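Below is one structure, written out as structure tokens; the observations come after it.
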Amino acid sequence: MGGGRKRGRTQRRHFKQGRDNVWKHNPQRPPADDGEGGAAEGREGNPSWQPFATENPAFEDYYKAQQIIPEEEWDDFMNMLRKPLPATFRINASCQFYQDICSQLENDFRKSLETEVSDEQKEDAIRPLPWYPGNLAWHLNFSRMQLRRNQALEGFHEFLKRENEVGNITRQEAVSMVPPLFLNVQPDHHILDMCAAPGSKTFQLLEMIHQSTKPGMLPNALVVANDVDVQRCNLLIHQTKRMCTANLIVTNHEAQNFPGCNLAKFSSETCTDESKPQRLEFDRVLCDVPCSGDGTVRKAPDMWRKWNAGMGNGLHRLQVEIAMRGIGLLKVGGRMVYSTCSMNPVENEAVVAEILRRCGGSIELLDVSNELPELVRRPGLSTWKVRDRGSWFGTHEDVPRYRKNVISPSMFPSGKGTMDSHVAVGSVEVNTDVIDADMKDSTNMKLSPVNENQEAELIKGEHSISKDRAEKLEKGLGSDKVPHKENTVQQQGVDDGNVMDEQQNGDVDNETSNDKGSEEAKVFVNEAGNDQAGPRDRSRKPQGQGRWRGVDPVIFFKDEATIRSIVSFYGIKDTFPLEGHLVTRNPDASHVKRIYYVSKSVQEVLELNVKVGERLKITSLGLKIFERQSSKDGSPCTFRLSSEGLPLLLPYITKQILYASAIDFQHLLQYRTIKFPDFVDAKFGEEASALLPGCCVVVLREGHQNIDSIAMDPSAIAIVCWKGKTNLCVMVSPLDGKELLERICLRYGLKVPKADDVKPTMKIDGSDEQPDLSTEAEAVDPEAVPESKASDMEIADAKEVE
């Protein structure tokens, strides 16, 4: 449920993907690039093309000196870094066709792909990652480039793309899957993903909380996914919408300033209901911070060229600030995982050591060496040095005075800058797979409350140093780069208009350098909404107006007449909780186009957020469950069911529901519109004709003995349709319809139709207008779009299917 509108002038930032940087060319002979690596193909006929250099003496010298790898393994380590990164993906265990996909991988693709591996290679073409629970994650012995270019792999590549788009699998690097696993998520946990975009880890967390959920039930857990960049939030929303969850809130804040929602601090009201949350805090926090990203050289070889030692130094303070804020939001007894995709101890061990020092005995470093026992890992470093402008420093005292505000004491092992300091990390293992992608993780347990005043004072001190430095550099640098964040793609920059109504603040995002001649990382001032001020000193706005400029408020939908109409038309049972669970982004109930459903955990956070003055800037939440639908057929209900919300609502629907045979279900998906007399099962056609005009549900009855219990079966397959005067029309996106059609045919031994036999989306009433049957993909607020006749899909009788 998107809630952000694009306003003002936007600045485009270019994030280069690894595949675009694998080859370089002579600037005197620029080739054409087809956008899919076609330029790389031209290297055979163009002698100016050559492999991208995978060497950087400064990189090798730096990490040799830090001793991240034993000397005898160094050559093997560097050889591995120069090899392409194999493709990996993860199966969504909460998806309906989880077992079918596992079977297809084991029995079909695993065998057929073996012939594509050369005799020299002794590894399997495709295999499960041994350390990932349940064989849910798979490793391919092919790079992403090979998948795109090898004709023999075309079928498997198309399978991966299709299943990824519908949410059955997620294409994600193996090492990126590690941090969520160490969170040890439980079904009732509240989880914060502090720097969530692009969203693969957030999706993984959602899989975990939904994995054991029964049909028609929602987990008690909650995931809050946050990112500082509005456009990256859009990417995050697009990624997570495939999960179709009511347990997710997407927010847009600086992670180091993530707002505290504490009734005692930010509300003058006295809350007598102790069963309601009094403050927003989390059982688990994933602190996957912005970093230099030098552990991603296998997927982004341009990192070899860009790397310098100042990149990690420039991000250290921001990383500490974000980690400290994560600790401040963690419940006592909670667990936080700190992770980067960097190998630099200044970004990893030094940050962990600093938060341990600041928090005293309030937190402890957990030994998780017994978890994921098959994962290859190494102990964290206990000693390291800091390099600045070509010089090495073992203590902060050695740093020149004019650099002491740049190189802080916290970058050194003890945080005090003495050579005789105690071991910072000790023998506790900081989990890292240095071969695959070098993401480093550290797991912390909170033992007692952190002194919030001390935390605020520490962060304030760091901000004053960072801001002063940023203001000086901003005048001379004008940099428009951003710190590395995993899986970044080309997209637009921050919307200049998305700032808080009352106040603006120049906080600092530390910066990586693109200048080979300087090891110092550049920084820039990013003006974003500041949520430091509480609502005590301002009058609370009515709910319909909202606090955040450019973001529509979250409104609890309470139009009783509309709700009664929906409940009556679909025969929704009283056991399905609606009160307090329906929300929208439009304060005018008569113009609401979409209604979203939120879980009880999300509902409680929303209620708390209202009480504290809407401190959370919510860009998206909820599961789309009902959508306004105008009709020439005169349907008594103005809202149709949403495909995304159908699995949740199905067990509670008693009207407007049909049960089809496998062949009729197949024909519906294949032809999309069928007249009542044309169904193979004549009785089914009669039952369809007898329904009230408007939205209905068709359930596949194949494989079920008792129709009354189908809806409660996790394997039940159902689709949303529209009952017109003479026919039944499928209201499923073409992509989802094609995927479902193939699954049905494979499961029940039906012939899979050729692509030419699958009809496109039907046209409406003889016009050129086509219905928008796709799942909601907009990250921009749908309610912000003006009402128009074209935006309201009108469904009449479709043309006769040939």
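Points to keep in mind about this one:
- Residue, farthest from GLY216 (Cα to Cα), within the stretch 567-582, restricted to residues that are buried (at least 21 other Cβ atoms within 10 Å of the Cβ) and not aromatic (Phe, Trp, Tyr): LEU582
- Complete set of residues in the stretch 629-650 that are of a type outside the set (A, V, I, L, M, F, W, C), touching a residue at least 60 places away in the same chain (Cβ under 8 Å) and under 23 Å from ALA690 (Cα atoms): GLN629, SER630, SER631, LYS632, ASP633, SER635, PRO636, THR638, ARG640, SER642, SER643
- Within the stretch 169-184, the presence of at least one residue that is over 17 Å from ALA87 (Cα atoms), touching a helix residue (DSSP H, G or I) at 6+ places or on another chain (Cβ under 7 Å) and at pLDDT 90 or above is confirmed.
- Conditions (1) at pLDDT below 55; (2) loosely packed, with under 15 Cβ neighbours inside 10 Å; (3) among the polar types (S, T, N, Q): number failed by SER103: (1)
- Contact annotation: residue pairs with Cβ atoms under 6 Å, 6 or more positions apart or on different chains, pairing a residue in the stretch 133-162 that is open to solvent by 60 Å² or more (accessible area, probe 1.4 Å) with a partner that is modelled with pLDDT of 80 or more and not aromatic (Phe, Trp, Tyr), are ASN135/PRO128; ARG144/ALA87.
- On inspection, ASP273 does not qualify as modelled with pLDDT under 95, in the same structural domain as ALA221 (by the TED database), open to solvent by less than 20 Å² (accessible area, probe 1.4 Å) and charged (D, E, K, R).
- Of the residues making up the stretch 693-718, those that are assigned to a loop (DSSP other than H, G, I, E, B) and at pLDDT 90 or above are PRO693, ILE717.
- Matching option when the condition is without any contact (Cβ under 8 Å) to a residue 40 or more places away in the chain and either surrounded by fewer than 20 Cβ atoms within 10 Å (Cβ to Cβ) or closer than 20 Å to LEU641 by Cβ (or both), among VAL752, VAL720, VAL732: VAL752
- Condition check for HIS238: in contact with a Ser or Thr (Cβ under 7 Å, 6 or more places away or on another chain), within 26 Å of ARG162 (Cβ to Cβ) and open to solvent by 10 Å² or more (accessible area, probe 1.4 Å): no
- Considering the stretch 195-210, the residues that are polar (S, T, N, Q) and crowded, with 24+ Cβ neighbours inside 10 Å include one that is farthest from the chain's Cα centre (by Cα), namely GLN204.
- Where strands (runs of 3 or more DSSP E) fall wholly inside the stretch 323-412, the ranges with 2 or more residues that are touching a helix residue (DSSP H, G or I) at 6+ places or on another chain (Cβ under 9 Å) and buried (at least 19 other Cβ atoms within 10 Å of the Cβ) are 330-340, 363-365, 386-388.
- Residues in the stretch 276-325 that are of a type in the set (Asp, Glu), in contact with a Gly (Cβ under 9 Å, 6 or more places away or on another chain) and under 14 Å from TYR338 (Cα atoms): 0 in all.
- Count of the stretch 626-659 residues which are touching a Leu at 6+ places or on another chain (Cβ under 9 Å) and surrounded by fewer than 17 Cβ atoms within 10 Å (Cβ to Cβ): 2
- Filtering the stretch 68-88 to residues that are surrounded by 13 or more Cβ atoms within 10 Å (Cβ to Cβ) and either charged (D, E, K, R) or touching a residue at least 12 places away in the same chain (Cβ under 8 Å) (or both) leaves ILE68, ILE69, PHE77, MET78, MET80, LEU81, ARG82, PRO84, LEU85, PRO86, ALA87, THR88.
- Considered as a group, the residues in the stretch 702-717 that are more than 29 Å from the chain's Cα centre (by Cα) and within 21 Å of PHE679 (Cα to Cα) include one that is surrounded by the fewest Cβ atoms within 10 Å (Cβ to Cβ), and that residue is ILE707.
- Elements of type strands (runs of 3 or more DSSP E) contained in the stretch 207-314, each with 1 or more residues being in contact (Cβ under 8 Å) with a residue 60 or more places away in the chain, among the hydroxyl-bearing types (Ser, Thr, Tyr) and closer than 29 Å to PHE89 by Cα: 248-251
The values are calculated or read from the model by the stated rules, or taken from the named source; none is laboratory data. Every value quoted in this text rests on a predicted model; they were computed, and no experiment measured them. Virtual Cβ from ideal backbone geometry, glycine too; neighbours counted across all protein chains shown. Protein only, heavy atoms only, side chains kept; ligands, DNA and RNA dropped before computing areas. Shrake-Rupley method; radii C 1.70, N 1.55, O 1.52, S 1.80 Å.
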